[in-house]
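The values are calculated or read from the model by the stated rules, or taken from the named source; none is laboratory data. Remember, predicted model here, so these are calculated numbers, not experimental data. Virtual Cβ from ideal backbone geometry, glycine too; neighbours counted across all protein chains shown. Quick note on the areas: whole protein, heavy atoms, side chains included, nothing else; ligands and nucleic acids left out. Shrake-Rupley method; radii C 1.70, N 1.55, O 1.52, S 1.80 Å.
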Amino acid sequence: MCDKLQSDLRKHIQTAWITACELDILAYKPGNVSVYSAGHEMTADQFRVSAQVCVDPITDFTLSLGEKIFYSIQNTRSAVSCNTNLGIVLLCAPLVQALQSSQQACGINELHQALNRVLDSTTVCDTNWVYQAIRAAKPGGMGKSEKHDITDAPDVTLKAAMQEAIQRDRIAYQYCSGYSDIFEFGIPRFRDYCQRLTDKRWATLAVFTDFLLSIPDSLITRKYGDRFNAIVAEKMTLIQQQLEAYNPVAPEPLFTVLETVDDEFKQLGINPGTTADLTVATVFADELVNKAKMND
């Protein structure tokens, strides 16, 4: 690829990355950190800083998939000293690698095909870099695995290591399912909501609620089992009803519900962090394609 095309593609990816990360905090997603509410000892500004310090490593053509992930998390940890974006980076880096391997902007089907090739070609070296990134991020609720634990020296490809974790981690499941949640569930809904709600902030929230109603959040499950399943489903259904009735001229009822649910979730320690990561990856993938101004 010539230098000009590579530079243009990298800028295209960087813009999509910043857009998706910004929507993550502009959307008022209960239980998560947003511009409306801090939480879990983190703030929206820390998420913004994290996105910015990842721009260069996650879009660097010279880095492998594992290196993209490690250096992004290393930069994040140095900048904000907390785990703001491990899940986001783990999900978005393969999408970056897929688009870069295509060497041009592409449609959603082409991106998905390229992504599957990236996932199938992961290496033991990628696993080693990712294990280092996870150890640096120090995420909560990881536990101990009998096989391919992150404290061990890896001897399998990254996809094989993720296979070991699919029952307890929805991000790992994406690596082994070809991002089925993103491409088959998230993106179609996000596109529909963007048309219906005409505001990507509300479309992002709507996808988040759909995810959380359909797929138990693996971070919540690792911490609490199914203890909060009923209350999460009840509150997401309430938010969906408010979104259906949303009036941009009089948005107060929706904001009131979001504030109430957000406070309740945070008081209970409910953090749908994996669902937020899936949502960001959905928005990012769609931005990568939409900014290409190409049809499927």
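The table that follows gives values for the structure above.
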item: Test: residue in region 206-216 that is surrounded by fewer than 24 Cβ atoms within 10 Å (Cβ to Cβ) and charged (D, E, K, R); result: yes
item: Test for D120: is it charged (D, E, K, R) and surrounded by fewer than 17 Cβ atoms within 10 Å (Cβ to Cβ); result: yes
item: Output for region 81-111, where each listed residue is open to solvent by 20 Å² or more (accessible area, probe 1.4 Å) and not in a helix (DSSP H, G or I); result: S81, C82, N83, Q103, Q104, A105
item: Residues of region 175-192 classified as open to solvent by less than 20 Å² (accessible area, probe 1.4 Å), free of Cβ contacts under 8 Å to residues at least 12 places away in the same chain and among the acidic types (D, E), total; result: 0
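Residues are listed down the side, and each one gets a yes or a no for (1) open to solvent by 70 Å² or more (accessible area, probe 1.4 Å); (2) in a loop (DSSP other than H, G, I, E, B); (3) modelled with pLDDT of 95 or more:
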{"residue": "M1", "(1), (2), (3)": "yes, yes, no"}
{"residue": "N32", "(1), (2), (3)": "no, yes, yes"}
{"residue": "V53", "(1), (2), (3)": "no, no, yes"}
{"residue": "D56", "(1), (2), (3)": "yes, no, yes"}
{"residue": "L63", "(1), (2), (3)": "no, yes, yes"}
